[in-house]
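Trainee: Got a structure here, written out as structure tokens. Questions coming.
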Amino acid sequence: MLNEIPRLEHADASSIEEARSLLAAYGEKAKVIAGGTDLLGLIKDRISGPKMPMPEVLINIGAIPELTVLRYDEARQSLRIGAAVTLTQLEESAIVREKFPLISQACSSVATPQIRNVGTVGGNLCQRPWCWYFRNAAFNCFKKGGEGCDAVTGEHQYYFSVNGLGVCVMSHPSDLAPALMALGSELEIASKSGSKRIALDRFFLGAREVHETILGPDEFIVAVNVPCPAVAARMAFVKNRIRDTWDFSLASAAVVLEMSGAVCTGSRIVLGGLAPFPYRALDAEEMLRNSRIDKDVATRTAQKAAGKAKGLRMNKYKLGLGAVVVRDAILAALACQADMRR
Amino acid sequence: MAGPSVTKQVALFVNGKTYSLEIESRTTLAEALRERLDLTGTKVGCNRAECGTCTVLVDGRAVYSCTMLAVHAAGKNIQTIEGVAQAGKLDPLQQALMDEDGLQCGFCTPGMIMSLKALLNRKTDVSRRDVREAIAGNYCRCGAYPNIVEAVLKLGRNSSGAG
């Protein structure tokens with residue numbers, strides 16, 4: 001069908017400053033766009049409501065120089081990923097493969113080559129729920145300004161949460177977010193008042209909020225800063241999905257282990273696909289501290305990671321699935337010999 | 001700076017030719033190619049970045065042209081199915097797909113070919129896994145996948161055999 005996108009205005013921002021002033025001028029009518037792989041689909045399907053106005057002005061931030069930089073700072077031992085870097089660029093980066101294999105693994109598991117070639121890091125972190133009620137104009141769900149959640153009484157066997165349930169029970173769709181969070185990343189955000197930094201741990205909101213992130217309508221991500229993990233860190237990302245390709249996760253786990261010889265001195269374990277936000281399994285992290293990891297320890301830690309999860313009527317199987325991906329990711333991380341260790 | 005606007009003057013660089021045109025900002029690359037440039041080899045199936053038949057190359061990378069604004073493709077190097085055969089002669093990939101029955105109804109074929117070109121332009125010695133990954137974003141509802149994969153693998157063997 002032709003012209004499924006309604007008539008709208010479009011501007012290319014050439015700098016952060018320009019994007020900021022356009023957002024200030026157009027307010028709620030405006031929306032930033034870079035790859036557009038998520039946003040354009042929502043627009044075509046007229047997914048909107050009292051709390052989700054249809055954009056009338058698109059501000060392209062994809063070509064702003066600071067947002068397209070992917071650079072490893074040797075002195076600071078930190079990777080800076082511009083928000084408009086594509087998932088393909090990130091996945092294929094030699095330095096990412098060498099020092100942050102977890103990120104590369106997570107990127108390669110996202111959607112399809114065509115989406116990864118266009119979809120950006122910022123867009124991946126800010127993507128809207130992959131919930132078939134949210135993405136159907138006939139349902140006026142809580143996230144769009146309606147009341148309640150049709151998924152609770154409806155079909156929720158796949159892309160829905162078992163943990164952190166609130167008004168909305170979608171599971172967060174990002175594969176990249178757990179990986180970046182497990183590495184202790186920090187976001188740089190452009191806002192009306194300038195720029196601010198915030199730990200990725202504090203970026204996502206709970207299921208009682210209309211929006212998934214702390215970003216206001218006049219804010220956007222400029223870059224993600226990823227500190228280089230300790231020399232003896234090992235890491236892995238494991239994703240389970242219905243089909244081996246082109247699918248969102250039923251459950252995923254990103255694990256970073258800091259090792260001293262055979263002993264795990266610290267870890268970060270973040271789950272995807274199981275809660276309305278990337279879920280950090282603090283209890284499980286604590287359990288791994290100062291342990292010698294073997295299959296048994298990994299299995300028990302994984303069961304702990306499921307924590308107080310309850311699940312919904314049709315998705316309780318994801319409790320077990322969550323434990324499986326955590327166990328597999330811990331064991332895969334243990335087996336991973338990152339080049340950085342040499 | 002140019003403020004937001006409903007229409008824009010853009011230059012699209014497609015298959016080696018530059019086209020200057022005024023388009024609406026909302027126009028997708030697929031719509032611009034088909035409706036404005038009459039390059040109807042690019043098909044639109046789902047129009048939702050899911051089926052892959054609208055795949056074209058932008059700066060050498062496979063993209064869903066139904067879900068990219070044409071204004072975002074301005075100034076970039078766009079290649080469509082019409083640019084694959086050279087001087088009336090089929091590309092070896094096209095010939096291989098015909099020889100191996102790598103298509104049935106043919107609706108997915110332009111997109112399949114562009115996704116495979118994106119792979120073969122970067123890598124000549126491709127594995128079965130590479131080929132399957134390259135077309136992971138292209139649906140073929142006739143189910144011609146096995147022959148498509150075989151055609152590409154055979155093409156690789158033939159070209160390496162020819163030195």
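The values are calculated or read from the model by the stated rules, or taken from the named source; none is laboratory data. Every value quoted in this text rests on a predicted model; they were computed, and no experiment measured them. Reconstructed Cβ throughout: ideal geometry from the backbone, glycine too, with neighbour counts over all protein chains shown. The area values use the complete protein model at the heavy-atom level, side chains included, leaving out ligands, DNA and RNA. Shrake-Rupley method; radii C 1.70, N 1.55, O 1.52, S 1.80 Å.
Trainee: What size of dipole, in debye to the nearest 20, comes out for chain A about its Cα centre when the only charges are +1 on Lys and Arg C-beta atoms and -1 on Asp and Glu C-beta atoms? The partial results should precede the final answer.
Mentor: Details: 41 positive and 36 negative charges, 195 e Å.
Computed about the Cα centre, the dipole is about 940 debye.
Trainee: Next question. Which one, A:Ala94, A:Val167, A:Thr112, projects farthest toward the positive side of the charge dipole computed for chain A from Cβ point charges (K/R +1, D/E -1)?
Mentor: It is A:Val167.
Trainee: Stretch B:Ser5-B:Arg132 to full length: gain in nm at 0.36 nm per residue minus the Cα-Cα span? Mind showing how you got there, number by number?
Mentor: Working: separation 127, 0.36 × 127 = 45.72 nm, distance 4.11 nm.
Fully extending the segment from B:Ser5 to B:Arg132 adds 41.6 nm.
Trainee: If you don't mind, there's one more thing I want to ask. Classify chain A: rounded, prolate or oblate, from the alpha-carbon gyration tensor (a ≥ b ≥ c, eigenvalue square roots; a/c under 1.5 rounded; otherwise prolate if a/b is larger than b/c)? Show your work: numbers first, answer last.
Mentor: Values: a/c = 2.04, a/b = 1.28, b/c = 1.59.
Here chain A falls in the oblate category.
Trainee: Taking the Cβ of A:Gln77 as the center, what net charge do the other residues with Cβ under 14 Å away carry, scoring Lys and Arg +1 and Asp and Glu -1?
Mentor: Numbers: positive: A:Arg71, A:Arg76, A:Arg80, A:Lys99; negative: A:Asp73, A:Glu74, A:Glu98, A:Glu186.
Combined, the nearby Lys, Arg, Asp and Glu give 0.
Trainee: Quick one: pull the percent of accessible area on the protein assembly as shown belonging to carbon and sulfur, 1.4 Å probe, ligands and nucleic acids left out.
Mentor: Details: 10440 of 21010 Å².
Answer for the protein assembly as shown is 50 percent, counting heavy atoms of protein chains only.
Trainee: Hey, another quick one. Which residue, A:Gly320, A:Gly311, A:Gly62, has the most motion in a Gaussian network model of chain A that connects Cα atoms within less than 10 Å?
Mentor: The residue that fluctuates most here is A:Gly320.
Trainee: Then there is this: Can you list the DSSP H helices in chain A whose Cα atoms extend at least 24 Å along the helix axis and whose mean Kyte-Doolittle hydropathy is 1.0 or higher? Please report the intermediate quantities before stating the final value.
Mentor: Values: long enough: A:317-335 (27 Å, 1.44).
Helices meeting the span and hydropathy rule in chain A are A:317-335.
Trainee: May I ask which residue of B:Ala62, B:Thr42, B:Ala30 lies farthest towards the positive end of the charge dipole of the range B:8-83, with charges of +1 (Lys, Arg) and -1 (Asp, Glu) on Cβ and the Cα centre as origin?
Mentor: Selected residue: B:Ala62.
Trainee: Mind checking which lysines have their C-alpha under 26 Å from B:Lys89, skipping anything on the same chain fewer than 8 residues away?
Mentor: The reachable lysines, counting only those whose Cα sits under 26 Å from B:Lys89, are B:Lys17, B:Lys43, B:Lys76, B:Lys117, B:Lys123, B:Lys154.
Trainee: What whole-number volume per residue, in cubic angstrom, does the convex hull of the C-alpha atoms of the range B:92-161 give? The partial results should precede the final answer.
Mentor: Working: hull volume 5.1 nm³, N = 70.
Dividing the Cα hull volume of the range B:92-161 by its residue count gives 72 Å³.
Trainee: If we count GluC sites (Glu not before Pro) as exposed when they sit in a DSSP loop and have at most 10 other beta carbons within 10 Å, what is the longest stretch of chain A that avoids them all? Before the final figure, lay out each step's value.
Mentor: Numbers: sites that count: A:Glu74, A:Glu147.
Here the longest segment lacking exposed loop sites spans A:148-342.
Trainee: At 7 Å along Cα-to-Cβ for each site, give me the label-to-label distance between B:Asp125 and A:Arg292 in nm.
Mentor: 4.3
Trainee: Around A:Phe277, which amide H atoms from residues at least 5 apart in sequence, or from another chain, sit under 5 Å from its own amide H, with H modelled in the peptide plane?
Mentor: For A:Phe277, the qualifying residues are A:His172.
Trainee: Taking K and R as +1 and D and E as -1, what net charge do the other residues with C-beta under 11 Å from the C-beta of A:Leu312 add up to?
Mentor: Values: positive: A:Lys310, A:Arg313, A:Lys316, A:Lys318; negative: A:Glu155.
Computed value for this residue: +3.
Trainee: In percent, how large is the relative contact order of the range A:233-341, given Cα pairs closer than 8 Å and 6 or more residues apart? Could you put the intermediate results ahead of the total?
Mentor: On the way: 219 pairs, mean separation 33.9, N = 109.
Computed value for the range A:233-341: 31 percent relative contact order.
Trainee: While we're on this one: If you build the Cα gyration tensor of the range A:233-341 and take the root of 5 times each eigenvalue, what three semi-axes come out, in whole angstrom, biggest first? Please list the in-between numbers first.
Mentor: Values: eigenvalues 112, 49, 22 Å².
That gives 24, 16, 11 Å for the three semi-axes.
Trainee: Another one. With θ taken as phi - 60° and the coefficients 6.51, -1.76 and 1.60, list the Karplus ³J(HN,Hα) couplings across the range B:27-35 in order, rounded to whole Hz; mark glycine and proline as x.
Mentor: With the stated coefficients, the range B:27-35 comes to 5, 7, 4, 4, 5, 4, 5, 7, 8 Hz.
Trainee: Amide H to amide H, which residues 5 or more places from A:Val222 or on other chains are under 5 Å from it, using H placed in the peptide plane?
Mentor: When sequence neighbours closer than 5 places are left aside, the close amide H contacts are A:Glu188, A:Ile189, A:Ala190.
Trainee: Report, in degrees rounded to the nearest 10, the 0 to 90 angle that the Cα long axis of helix B:109-122 makes with the longest principal axis of chain B.
Mentor: Helix B:109-122 sits at roughly 80 degrees to that axis.
Trainee: Report ³J(HN,Hα) in whole Hz for each residue of the range B:72-84, in order, from the Karplus equation J = 6.51 cos²θ - 1.76 cosθ + 1.60 where θ = phi - 60°; Gly and Pro get x.
Mentor: 7, 9, 4, x, 9, 8, 9, 10, 10, 4, 5, x, 7
Trainee: Next up: Please work out the Kirkwood hydrodynamic radius for chain B, using every pair of different C-alpha atoms, and report it in angstroms with one decimal place. Working shown, then result.
Mentor: Numbers: mean 1/r = 0.0612 Å⁻¹.
Mean inverse Cα-Cα distance, inverted, gives 16.3 Å.
Trainee: For the range B:79-100 and the range B:24-39, what is the centre-to-centre distance using only Cα atoms, to the nearest Å?
Mentor: Between the Cα centres of the range B:79-100 and the range B:24-39 lies a distance of 23 Å.
Trainee: Can you give the relative contact order of the range A:1-147 as a percent, counting alpha carbon pairs under 8 Å and 6+ residues apart? Kindly include the intermediate steps, with their values, before the conclusion.
Mentor: Details: 224 pairs, mean separation 38.3, N = 147.
In percent, rounded to a whole number, it is 26.
Trainee: Could you go through the range A:238-246 in sequence order and give the Karplus-derived ³J(HN,Hα) for each residue, using 6.51 cos²θ - 1.76 cosθ + 1.60 with θ = phi - 60°, rounded to whole Hz, and x for Gly and Pro?
Mentor: For the range A:238-246, the Karplus curve yields 10, 10, 10, 8, 5, 10, 6, 8, 6 Hz.
Trainee: Return the long-range amide H neighbours of A:Thr213 (sequence gap of 5 or more, or a different chain), with a cut-off of under 5 Å between placed amide H atoms.
Mentor: HN-HN under 5 Å from A:Thr213: A:Leu205.
Trainee: Which residue fluctuates the most in chain B, going by a Gaussian network model with Cα springs under 10 Å, if the choices are B:Cys108, B:Cys46, B:Cys66?
Mentor: Of B:Cys108, B:Cys46, B:Cys66, the Gaussian network model singles out B:Cys46 as fluctuating most.
Trainee: If I build a Gaussian network model for chain B, linking alpha-carbon pairs within less than 10 angstrom, which residue out of B:Tyr139, B:Tyr19, B:Tyr64 has the largest mean-square fluctuation?
Mentor: Fluctuation is largest for B:Tyr19.
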